[in-house]
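J.: Have a look at this one.
The values are calculated or read from the model by the stated rules, or taken from the named source; none is laboratory data. Not measured: the values here are computed from a predicted model. For neighbour counting, all protein chains shown are included, and Cβ atoms are generated from backbone atoms with ideal geometry for every residue, glycine included.
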Amino acid sequence: MGDLANGVFGVTSEVQRGVSRLLLERGWSPLFEFTLPTGRRVDVAAISDTGDIAAVEIKVSLGDFRADVKWSEYLDYCDRYYFAVPEGFPHEILPAGHGLIVADKFGAAVVREAPHSPITAARRKALLIRFARIAAERFARAGDPFAP
C-alpha cells in the first residue's frame, strides 16, 4: 500500500507543481489547498491581477475522478474552473464544460480554456479577503513555525 500511496501522492504533487508554474507564467497567484467557506478544500486556487478567481481540481487516476463527488461544489466559488491531470489521463471522461490542464513536475499546458462565469461581487470580496489572510498566515508561519 505504501508504494501505491507514494505513487499517487507523488503524481499529485508533480501535477500541482506544474499547475503552479503555469498559473505563475500566466500572471495568476496560486495557493494550494484553499479552504472555502463551506469547509471544502480546492486543490489549487489562484487570483489574477484583476481579482478573478480560478479553481483547479487535480485528478491523477480514473478512480480518483469517479470517487470525487465534491468538485461541483466549487463552481459557485470561482470565475474559472479547471481539471488538471497528468499526461495519459483519459480526457473524455472529464466534463467538457470546464477547463482542462495537462501537467507534470516541469510545467503544464491548457488543453481547454475554462469558460468565464463571474461570481457575485460580495462573494468575490469575501474570497479575496480569505485568500489574502490564508496566504499571509502561511507566509508568517513559514518564517516562524512556533508562532501562536
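J.: Let me confirm something: among Glu113, Glu57, which residue is within 15 Å of Gly18 (Cβ to Cβ) and modelled with pLDDT of 95 or more?
T.: It is Glu57.
J.: For the range 36-46: of the residues being under 20 Å from Ala136 (Cβ atoms) and within 11 Å of the chain's Cα centre (by Cα), which is surrounded by the fewest Cβ atoms within 10 Å (Cβ to Cβ)? Steps first, please.
T.: Our first condition is that a residue be under 20 Å from Ala136 (Cβ atoms); within the range 36-46, this holds for 36-37, 41-42, 44-46.
In the following step, the residues that additionally are within 11 Å of the chain's Cα centre (by Cα) were identified as 41-42, 44-46.
Values: Arg41: 13, Val42: 25, Val44: 23, Ala45: 28, Ala46: 26.
Of everything passing the filter in the range 36-46, Arg41 is surrounded by the fewest Cβ atoms within 10 Å (Cβ to Cβ).
J.: In the list Ile129, Ile101, which residue meets the criterion of being among the β-branched types (Val, Ile, Thr) and part of a helix (DSSP H, G or I)? Give the derivation first.
T.: Working: Ile101 fails: part of a helix (DSSP H, G or I).
On inspection, the qualifying residue turns out to be Ile129.
J.: Moving on to the next point. Here are Asp49, Asp64, Asp43: which of them is in contact with a helix residue (DSSP H, G or I) (Cβ under 9 Å, 6 or more places away or on another chain), of a type in the set (Asp, Glu) and under 21 Å from Arg123 (Cβ atoms)? I'd like the intermediate steps shown before the answer.
T.: Working: Asp49 fails: in contact with a helix residue (DSSP H, G or I) (Cβ under 9 Å, 6 or more places away or on another chain); Asp64 fails: under 21 Å from Arg123 (Cβ atoms).
Only one candidate qualifies: Asp43.
J.: In addition: Tell me, yes or no, whether the range 40-47 has at least one residue that is of a type in the set (Val, Ile, Thr), over 15 Å from Trp28 (Cβ atoms), in contact (Cβ under 8 Å) with a residue 12 or more places away in the chain and in a strand (DSSP E or B).
T.: Taking the range 40-47 as the starting set, the residues that turn out to be of a type in the set (Val, Ile, Thr) are 42, 44, 47.
Retained after the next criterion (residues that are over 15 Å from Trp28 (Cβ atoms)): none.
Among the residues of the range 40-47, not one is of a type in the set (Val, Ile, Thr), over 15 Å from Trp28 (Cβ atoms), in contact (Cβ under 8 Å) with a residue 12 or more places away in the chain and in a strand (DSSP E or B), which makes the answer no.
J.: Quick test for you: out of Leu75, Leu22, pick the one residue that is more than 11 Å from the chain's Cα centre (by Cα), buried (at least 20 other Cβ atoms within 10 Å of the Cβ) and outside any loop (DSSP other than H, G, I, E, B).
T.: Leu22
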